[in-house]
Amino acid sequence: MNKELKNSELLSHFTIERASDAIFWVDSNARFHFVNEAACRSLGYTRDEFMQMTVHDIDTDFPVEKWSEQWTRVNKLKSFTHLSHHRTKDGRVFPVEISANYIQFEGKEYSCAFVRDISKRLDAEKEVRDSEKRFRDIFSAVNDGIIIVDPDDGRIVDVNDQVLKMLGYKKDELIGMSVSNIHPDEIDQINSIVSEVLKGSPVLTDEFSCLRKDRIYMPADMSFSKVELNQISYVLVMVRDITDRKKAEQKIENALAEIKELKDQLEAENIYLQEEIKIQHNFEEIISKSNELKKVLLKVEQVASTDATVLILGETGTGKELIARAVHNISDRRDRPLVKVNCASLPANLVESELFGHEKGAFTGALARKIGRFELANGGTIFLDEIGDLSLNLQSKLLRVLQEGEFERLGNPRVIKVNVRIIAATNRDLEQAMENGEFRGDLYYRLNVFPILTPPLRDRKEDIPLLVKHFMNKYSGRIGKIVDKVSHKVIDILMQYNWPGNVRELENIIERAVIISRGDTLELGDWIPAKNKLFSHPKPETLAEIEKDHINSVLKLTGWRVSGEKGAAKILGLKPTTLEARMKKLGIERTK
């Protein structure tokens, strides 16, 4: 038994001496009673030197005045661990971890302390902290967003501040959130990329849409790579907000589309203008000295500077197109084209295509995209001649352009916005057409913002000599002969004619006369107007002319008084407002 005890004591002694940690036995006075070999090695003292020393000689954190407090703590807690610093014999100080244990041995109290040099551990920890700080500084300072994802469950482990700014979340809201919440529509594609990255693929980049907290999608370039943190594999995702880039790309696309559209429009304008050059106009300029036409030109001046819709009314051949050109030429739109559409001359199935254009394949025979007249006239003026002949279906589409300034090409649902001034003309009675269901009332009132009534030639007979001279010069030059004289007899015959075809008819007669004239004097040849077309004084032939003549007579009788007991409205059996409307429609104005 004694042998076994002795062997146990030897084993314990061997263990203590061979221990890698320093072991100190210290009494209540802080004096050493035992140290092992590790203690001697770590501090450079011999055992004999230690026996002459106290704890205060080696522990820099426990001077004499603190030992009493430390011993009380050992006595009370019996066992605890704390950090301190030891000083070697040569003066070097190093950090230690001390596990202090209260022991009673042979009636005395001791503190048996196991002391471990933790210099390397602290250096390693410091390196880790420094590394983590450097990583965190980079993590926070980088301009791109960083998301670290646990690939096992797809949840977010960490994010930097840029991600919070991009997505609008707080950090504690994102940590632990599934990536599928940010990419609800693209999670399968993302999982596929993550799988490839974990298998060893290099950095993979693709474009995704991130769902922000405000439920708005943010376009982003995202790069995926595998990282090891504390021997655990994670996926690091670099996120770059490309909203500005997308907007810039969209602006470029829009600009290119606009350039292409402007190029197409310019080409179409050139084609249209080349076609217009070939058209022979009735006049090179307005030729008149009559008061009736002066009133019309005054209205042209009044309305030209506005964008108001103009409706030009009048018989065939009275120069409605010339008035439309006059409105455009003195308007602010004169530097943009005046585009003409004759609604009566185009086939019904082509009018819509001419007005609004069509896409390739929109209908049989549509072999290429065509820009419509409204697009050509954007920024300028469109002249819709013979508007009364437009079909009801197209009248509704025209009404939309008037109201909203927009339309669609045939075969393309995209809405096209235009800024076009509309001038319409007709020789039809649109009010009668409304009553017959042939013309939309809402379109008529939209067009009839500023009506201008062109007078027939029989109401401006004083202009005939001027017009004859003008047409003589015009066609003499074209035919290549000089006809510059006209007799009073010819003028008298022309003045007596009723001119149902108005100025256009007069132009045709003069062109024929120039052709047949044998010298420099105009000859009418065998042209003899029918007797019922000759008169010494103009006589009304239409209901509108009869009505106008009658109202004029009554107004002259009442001294141009409209309302009241002695006013024209009372005599005619009309309300004053109704009479004023009729006067406006018929172009009745008081003459001086």
Could you tell me whether region 146-158 includes any residue that is over 22 Å from N230 (Cα atoms) and surrounded by 12 or more Cβ atoms within 10 Å (Cβ to Cβ)?
no
Restricted to region 29-53, and to residues that are polar (S, T, N, Q) and over 19 Å from F114 (Cβ atoms), which residue is surrounded by the fewest Cβ atoms within 10 Å (Cβ to Cβ)?
N29
Check H56, H86, H13, H82 and return the single one that is in contact (Cβ under 8 Å) with a residue 12 or more places away in the chain and more than 26 Å from D123 (Cβ to Cβ).
H56
Pairs under 6 Å by beta carbon, first residue under 21 Å from I242 (Cα atoms) and of a type in the set (V, I, T) in region 161-176, partner surrounded by 14 or more Cβ atoms within 10 Å (Cβ to Cβ) and at pLDDT below 90, six or more apart or different chains?
V163/G145; V163/I147
In region 302-327, which residues are charged (D, E, K, R) and under 38 Å from the mean Cα position of the chain (by Cα)?
D307, R325
Only one of (1) within 24 Å of D123 (Cβ to Cβ); (2) in contact with a helix residue (DSSP H, G or I) (Cβ under 9 Å, 6 or more places away or on another chain); (3) polar (S, T, N, Q) fails for S99. Which number is that?
(2)
Counting only residues that are at pLDDT 75 or above, more than 23 Å from K294 (Cα to Cα) and of a type in the set (G, A, S), which one in region 536-590 is surrounded by the fewest Cβ atoms within 10 Å (Cβ to Cβ)?
G573
Counting only residues that are over 16 Å from D158 (Cα atoms), among the polar types (S, T, N, Q) and more than 35 Å from the chain's Cα centre (by Cα), region 196-232 contains a total of 2
Which residues, counting only those in region 366-398, are part of a loop (DSSP other than H, G, I, E, B) and either without any contact (Cβ under 8 Å) to a residue 40 or more places away in the chain or closer than 25 Å to E315 by Cα (or both)?
L367, A368, G372, E386, L390, S391
Only one of M218, M166 that is buried (at least 19 other Cβ atoms within 10 Å of the Cβ), at pLDDT below 90 and not charged (D, E, K, R)
M166
Which residue is surrounded by the fewest Cβ atoms within 10 Å (Cβ to Cβ), if the candidates are limited to region 476-511 and must be in contact with a Lys or Arg (Cβ under 9 Å, 6 or more places away or on another chain) and either of a type in the set (S, T, Y) or on the phi > 0 side of the Ramachandran plot (or both)?
Y497
Out of contact with any Asp or Glu (no Cβ under 6 Å at 6 or more places or on another chain), without any contact (Cβ under 8 Å) to a residue 60 or more places away in the chain, under 20 Å from S12 (Cα atoms) and outside any strand (DSSP E or B), is that true of R41?
yes
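The values are calculated or read from the model by the stated rules, or taken from the named source; none is laboratory data. All values derive from a computational prediction rather than experimental measurement. Note that we place each Cβ from the backbone using ideal geometry, even for glycine, and neighbour counts take in every protein chain shown.
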